[in-house]
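Okay, structure first, notes after.
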């Protein structure tokens, strides 16, 4: 069981994909790390040798990952809110910040809330 940057990597996945479980490491960064470390990207995590894990660990430590990256992102959002920018106000209201339409397609940002208006008329059961 390989543990890199505070994350336990899944054992039965290819190391190329398993590295993407680390926040801040995508597929292209994972490939660069594996090429530099001289590790076959088709190798499973459980089949890695101890020295290969150590090489990968050293290379991953050069990237900003997990807690450091998350705190930096939060500071950036906080800065946008404090300076009163449009993007900051969108973040504050939990709405899309990059120009997407909101009439229909912002379900995930709003928390999958479905609000239908109806005609405004009360039904027969509510009139009494």
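On the basis of the beta-carbon distance and an R0 of 22 Å, residue 81 and residue 114 show a calculated FRET efficiency of 0.20. Judged by the mean number of other Cβ atoms found within 10 Å, the most tightly packed of the peptides 72-80, 6-14 leads the ranking 6-14, 72-80.
Maximal additional length on extending the residue 69-residue 20 stretch stands at 16.2 nm, based on 0.36 nm per residue less the C-alpha distance. Normalised by residue number, the volume inside the convex hull of the Cα atoms of the stretch 66-110 is 77 Å³ per residue. Considering only alpha-carbon pairs that sit under 8 angstrom and 6 or more positions apart, the relative contact order computed for the chain is 17 percent.
The gain in end-to-end length when the residue 121 to residue 102 segment is fully stretched comes to 4.3 nm, 0.36 nm per residue minus the alpha carbon separation. Compute the long axis of helix 27-37 from its Cα atoms, compare it with the longest principal axis of the Cα atoms of the chain, and write down the angle in degrees, 0 to 90, nearest 10. So the helix axis and the longest Cα principal axis differ by about 10 degrees. Working from Cα pairs under 8 Å separated by at least six residues, relative contact order for the stretch 3-60 is 39 percent.
Set against the labelled values (i) 91; (ii) 121; (iii) 202, volume of the Cα convex hull per residue in Å³ computed from this structure falls on (iii). Residue exposure proxy: 102, 20, 65, 45, ordered by other Cβ atoms within 10 angstrom of their Cβ from fewest to most, comes out as 102, 20, 65, 45.
Rule-based calculations on the coordinates, nothing more; no lab input. A quick note: this is a predicted structure, and the numbers were derived from the prediction, not measured. FYI the Cβ positions are ideal-geometry reconstructions off the backbone, even for glycines, and counts take in every protein chain you see.
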